[in-house]
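A short write-up of the structure that comes next.
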Amino acid sequence: MIDVPFHPPADKVVAIDLPPPLSVNATRRVNWAAKPKMDAWKARADAMVYAVGGVRKIGKLNGKFEVRICLDDKLCRIDADNTAKLLIDYCRNLGLVVNDSKKFMRRLVIEWGDAPTGCRLTFREWGA
């Protein structure tokens, strides 16, 4: 049997589906033209989180973690490397993870695959 690094025990996983993320190019500089897009993305993401029962239903990780970002190539039109900051900061603001500093976020994987809403994040407790 091959040891696959992203098959954690079920009680150590937090997963969340989000809309296709915006590019960091539009979100990390003073860009007033992109602000309405950012606000719309956040409102859509919040609606998706609350539709499944909110943060209490999704779960939280209080320590070190790794995250897998899966993007659907039919729904996302940006470069994969432009996605992480927006998504992880959003989850940090929700309280799904404590912090995204190197003390807590120990691994980040970004890949193309099946994400029905455009983006699926899977957080796994580090060392589990």
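The values are calculated or read from the model by the stated rules, or taken from the named source; none is laboratory data. Here the structure is a predicted model, which means the values were calculated and not measured. Here the Cβ is made from the backbone with ideal geometry for all residues, glycine too, and neighbour counts use every protein chain on show. Keep in mind that these areas ignore ligands, DNA and RNA; they rest on the heavy atoms of the full protein, side chains included. Shrake-Rupley method; radii C 1.70, N 1.55, O 1.52, S 1.80 Å.
The table that follows gives values for the structure above.
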{"quantity": "Per-residue SASA entry for Ile110, accessible area with 1.4 Å probe, Å² rounded to 10", "calculated": "60"}
{"quantity": "Whole-Hz couplings from phi, Karplus 6.51/-1.76/1.60, listed for the stretch 104-110; x for Gly and Pro", "calculated": "10, 7, 9, 8, 9, 10, 10"}
{"quantity": "Solvent-accessible surface (1.4 angstrom probe) belonging to Glu66, in square angstrom, nearest 10", "calculated": "10"}
{"quantity": "Kirkwood-Stokes translational diffusion coefficient of the chain, alpha-carbon pairs, 4 °C, 1.567 mPa s, µm²/s", "calculated": "86"}
{"quantity": "Heavy-atom accessible area per residue - the stretch 18-128, 1.4 Å, Å²", "calculated": "57"}
{"quantity": "Simple label model, 7 Å out from Cα along Cβ direction - Thr117 to Trp32, nm", "calculated": "3.2"}
{"quantity": "Label point at Phe104 placed 7 Å out along Cα→Cβ; residues across the stretch 110-128 whose backbone nitrogen lies under 20 Å", "calculated": "110, 120-128"}
{"quantity": "Percent carbon-and-sulfur accessible area, the chain, ignoring ligands, DNA and RNA, probe 1.4 Å", "calculated": "52"}
{"quantity": "Computed FRET value (nearest 0.05) for Asn93 with Asp72, which takes r as the C-beta separation and R₀ as 35 Å", "calculated": "0.90"}
{"quantity": "In Hz, Karplus ³J(HN,Hα) per residue of the stretch 31-39 (6.51, -1.76, 1.60; θ = phi - 60°; x = Gly, Pro)", "calculated": "9, 5, 5, 8, 4, x, 5, 4, 4"}
{"quantity": "Lys/Arg +1, Asp/Glu -1 at C-beta; the chain dipole; positive extreme among Val109, Leu121, Ala47", "calculated": "Ala47"}
{"quantity": "Candidate residues Lys102, Lys35, Lys12: accessible-area rank, largest first, probe 1.4 Å", "calculated": "Lys102, Lys35, Lys12"}
{"quantity": "Lysine-lysine proximity count for the chain, Cα under 22 Å, sequence distance 8 or more or distinct chains", "calculated": "21"}
{"quantity": "Within the stretch 52-128: Cβ-based charge dipole about Cα centre, in debye rounded to nearest 20 (Lys, Arg +1; Asp, Glu -1)", "calculated": "440"}
{"quantity": "Antiparallel bridges, percent of DSSP beta bridges restricted to the stretch 54-128 (to nearest 5)", "calculated": "45"}
{"quantity": "Helix axis angle, 84-94 relative to the chain longest principal axis, alpha carbon, degrees", "calculated": "80"}
{"quantity": "Separation between Cα centres of the stretch 34-52 and the stretch 62-113, rounded to whole Å", "calculated": "16"}
